[in-house]
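The values are calculated or read from the model by the stated rules, or taken from the named source; none is laboratory data. Because the structure is a prediction, the values reported are computed rather than measured. Cβ atoms come from the backbone with ideal geometry, glycine included; neighbour counts cover every protein chain shown.
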Amino acid sequence: MVADRHDENRELTVRRRIALFGGLAALVLFMAVPVLTVCTRWFDGKVGGLGAGYLAAAFAILFPLAGAHLYTRWANRWEDEA
Amino acid sequence: MNVLAVSVVGAIVAVTLAITSFAARRNRSTDDHYVAGGRITGWQNGLALAGDQLSAASFLGITGAVALTGFSGVYLSLGIPIAYLLVLLVIAEPLRNLGRFTLADAVAARFEGRLLRGVLAVASLVLSLVYMVVQFVGAGALAQLLLGVSFPVAVLGIGVLMTLYTCLGGMVGTTYIQVFKAILLIVTVLALFVTVLARTGGNPIGAMVEAERTHGAAVVTPAHTSATTGLSNISLNLGMALGIMGLPHVMVRFLTVRDAKAARGSAKLAMWIYAAFFLVLPIFGYAALNEVGRARILRDNPGGNLAVARLAEVAGGNVLFAIVVGVVMATILAVLAGLSIASSGAAAHDLYNIAIHQGRMSQRRQLAVGRLAGIGSSVVAIALALGARTWNIAFLANEAFAIAASTTMPVLLLTIYWRGFNRVGATAGLVGGLVVSVGLVLVGPDVLGAHHLFPLSVPALVSVPAGFLCCWLGSLAGRGRPEAAGVAYDELAARAFPRRGTRRAEPELIG
């Protein structure tokens with residue numbers, strides 16, 4: 001009974017940590033794009049004819065898709081596991 | 001008058017009215033009216049989320065902002081995909097498991113109290129009203145261009161349609177209309193993109209290259225004009241990334257699905273649509289600058305809100321122009337319908353039924369009051385829109401994100417994740433966050449112009465920490481009051497988060 005309760009609490013802790021730390025990491029990675037494009041000149045140039053600023057913007061738009069894919073795959077497995 | 005464009009708009013309105021009529025037969029209870037009875041599938045909700053989120057502010061405002069301000073406009077297109085990743089990771093599942101009709105229901109799963117419920121309802125109403133004003137301004141500007149009718153007449157016409165949709169069809173009708181609009185918008189954006197591509201020799205970045213050649217490198221590179229401009233862009237993105245988690249009309253969509261898996265699947269589908277949409281909008285902005293010209297865009301509307309419609313006219317002729325105008329009108333109607341449902345839920349369910357009548361109203365009376373509240377919020381939003389007609393609506397929408405990120409978002413987040421949070425902290429966070437964020441908007445440049453007292457038009461950089469600080473200080477103040485502690489945190493967390501093996505243990509939930 002006590003062991004079950006302990007496992008249950010540990011599961012909830014894991015779940016909450018993934019949500020909060022995953023969310024915080026994603027937010028920091030995202031905010032790096034506007035902060036760096038505003039505060040530095042690193043993205044003022046060009047990469048293959050395309051503005052580096054637009055490439056950074058495209059990264060900010062696209063990387064959340066990878067995060068969503070990884071999370072949904074993990075969460076679906078988590079719920080399916082017995 | 002452009003007869004073809006009017007015909008397309010008329011046809012789209014006729015289809016939406018037919019959808020509403022069909023949905024009205026399934027809109028019988030408060031569950032149906034506010035959350036479509038929880039029967040919406042993942043893919044339907046994903047399309048409806050896209051229909052709800054991809055507003056006139058995005059389609060019209062971002063294109064216009066890129067055409068008029070260059071790369072500074074691109075900042076407006078960054079925040080939505082990350083915002084939905086945060087929704088997916090942090091809020092969607094617990095909200096789906098704790099909530100019933102509104103955001104306040106999820107908070108009430110931990111903290112009872114009429115004052116808190118009332119404050120949450122007021123915050124939700126303020127957020128929905130600001131967002132409704134954005135949609136009405138877009139609708140009015142577009143109808144002026146299309147029909148030559150006055151701005152007030154156009155806004156009133158749209159208001160009547162919105163009220164019909166939500167009063168009769170409820171969330172069922174709103175969902176179907178949002179799905180219909182999302183499909184229309186995807187097809188139209190694709191058609192416009194192909195047309196723009198054809199004019200730039202098939203080069204996806206041809207419009208940007210041409211804009212740089214014609215107008216100089218400054219239009220495609222980040223501006224470093226002043227510290228205030230830079231901070232504004234950072235604040236804007238912080239508000240967008242965090243604000244969606246607190247927007248009632250978006251978050252309520254996660255209460256319409258059957259289970260947590262459907263909630264996740266719908267967010268993921270919506271994110272794919274957003275990514276494609278926000279990658280091409282800057283291209284449309286540069287194409288509008290090249291093809292339509294800055295002077296013409298400014299003459300149509302000082303905020304640049306009609307740039308995308310003009311681009312469609314120049315690039316694809318009257319047929320594409322008519323389709324874009326029709327789809328933008330459908331976009332506005334669909335978003336307004338979602339906003340109206342969320343605001344009527346806050347007014348009728350949270351404020352009137354729970355905060356005032358302590359939850360004693362009958363189902364039938366709740367439904368009637370919900371419909372009346374929808375009409376009331378529409379009237380207030382129309383009155384406010386009449387005073388905001390010249391504003392760039394993308395910036396106005398971002399102020400709504402900042403207010404949400406400073407009020408409802410911290411309270412929802414801490415309710416779900418912080419053991420030490422209590423009812424006093426929740427109330428203090430809502431009131432403090434609302435006062436600081438709305439106050440800073442009112443003394444900022446969008447309202448006071450050159451005589452502003454606060455330099456940023458989007459106050460998230462200051463107001464979000466202020467919202468969290470108020471929550472923390474309030475929680476410290478309420479720590480010695482047992483009645484403010486609410487439901488035991490472990491009990492709430494067990495309800496909020498799906499456990500390992502949940503779906504195997506409860507296969508009927510898969511639906």
Can you tell me which residue in segment A:37-79 is farthest from the chain's Cα centre (by Cα), limited to those that are β-branched (Val, Ile, Thr) and within 7 Å of chain B (Cβ to nearest Cβ)?
-> A:VAL38
Determine the pairs where a residue that is touching a residue at least 24 places away in the same chain (Cβ under 8 Å), located within segment B:340-361, has a partner that is in a loop (DSSP other than H, G, I, E, B) and among the hydroxyl-bearing types (Ser, Thr, Tyr) with Cβ atoms under 7 Å apart, the partner being 6 or more residues away or on another chain.
-> B:GLY345/B:THR102; B:ALA346/B:THR102; B:HIS349/B:THR102; B:ASP350/B:THR102
Do we find that B:LEU255 is facing chain A (nearest Cβ under 8 Å) and over 30 Å from B:GLY316 (Cβ atoms) in this structure?
-> no
Of the residues B:VAL280, B:VAL257, B:VAL308, which single one is closer than 28 Å to B:GLY157 by Cβ and of a type in the set (A, V, I, L, M)?
-> B:VAL308
Does at least one position in segment B:422-431 carry a residue that is among the charged types (D, E, K, R) and surrounded by 22 or more Cβ atoms within 10 Å (Cβ to Cβ)?
-> yes
Per-region count, segment B:456-480, residues surrounded by 16 or more Cβ atoms within 10 Å (Cβ to Cβ) and touching a helix residue (DSSP H, G or I) at 6+ places or on another chain (Cβ under 6 Å) | 16
Determine, yes or no, whether B:ASN305 is among the polar types (S, T, N, Q) and not in a helix (DSSP H, G or I).
-> yes
Here the residues within segment B:185-205 that are in a helix (DSSP H, G or I) and surrounded by fewer than 20 Cβ atoms within 10 Å (Cβ to Cβ) are B:ILE186, B:VAL187, B:LEU190, B:ALA191, B:PHE193, B:VAL194, B:THR195, B:LEU197, B:ALA198, B:ARG199
Verdict on B:ARG264 being among the basic types (Lys, Arg), assigned to a helix (DSSP H, G or I) and over 21 Å from B:SER58 (Cβ atoms) | yes
1 or more residues at pLDDT below 95, within 14 Å of chain A (Cβ to nearest Cβ) and closer than 28 Å to A:PHE21 by Cβ: qualifying helices (runs of 4 or more DSSP H) within segment B:412-497 | B:489-496
Only listed residue being in contact with a Ser or Thr (Cβ under 6 Å, 6 or more places away or on another chain) and not aliphatic (A, V, I, L, M), chosen from B:ASN45, B:ASN27, B:ASN97 | B:ASN45
Mind listing just one residue for me: the one in segment A:19-36 that is of a type in the set (Val, Ile, Thr) and over 10 Å from the mean Cα position of the chain (by Cα) and, of those, surrounded by the most Cβ atoms within 10 Å (Cβ to Cβ)?
-> A:VAL33
Count - residues of segment B:282-319 that are closer than 24 Å to B:ALA388 by Cα and within 14 Å of chain A (Cβ to nearest Cβ) | 1
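Quick grid of which residues meet (1) surrounded by 24 or more Cβ atoms within 10 Å (Cβ to Cβ); (2) under 26 Å from the mean Cα position of the chain (by Cα); (3) at negative phi:
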residue: B:THR221; (1), (2), (3): no, no, yes
residue: B:LEU231; (1), (2), (3): no, yes, yes
residue: B:LEU236; (1), (2), (3): yes, yes, yes
residue: B:LEU255; (1), (2), (3): yes, yes, yes
residue: B:ALA275; (1), (2), (3): no, yes, yes
residue: B:LEU289; (1), (2), (3): yes, no, yes
residue: B:ARG294; (1), (2), (3): no, no, yes
residue: B:GLY303; (1), (2), (3): yes, yes, yes
residue: B:GLY316; (1), (2), (3): no, no, yes
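Table: residues versus (1) surrounded by fewer than 24 Cβ atoms within 10 Å (Cβ to Cβ); (2) in contact with a His (Cβ under 7 Å, 6 or more places away or on another chain); (3) within 26 Å of B:VAL280 (Cβ to Cβ).
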| residue | (1), (2), (3) |
| --- | --- |
| B:GLU93 | no, no, no |
| B:ASP105 | yes, no, no |
| B:SER124 | no, no, no |
| B:VAL133 | no, no, no |
| B:GLY138 | no, no, yes |
| B:THR174 | no, no, no |
For segment A:17-35, indicate whether the set of residues that are within 23 Å of B:ALA267 (Cα to Cα), touching a residue at least 40 places away in the same chain (Cβ under 8 Å) and either more than 7 Å from every other protein chain (Cβ to nearest Cβ) or of a type in the set (Val, Ile, Thr) (or both) is non-empty.
-> yes
Give the residue, chosen from B:GLY113, B:GLY202, B:GLY148, B:GLY170, that is free of Cβ contacts under 8 Å to residues at least 12 places away in the same chain and either at positive phi or in contact with a strand residue (DSSP E or B) (Cβ under 7 Å, 6 or more places away or on another chain) (or both).
-> B:GLY202
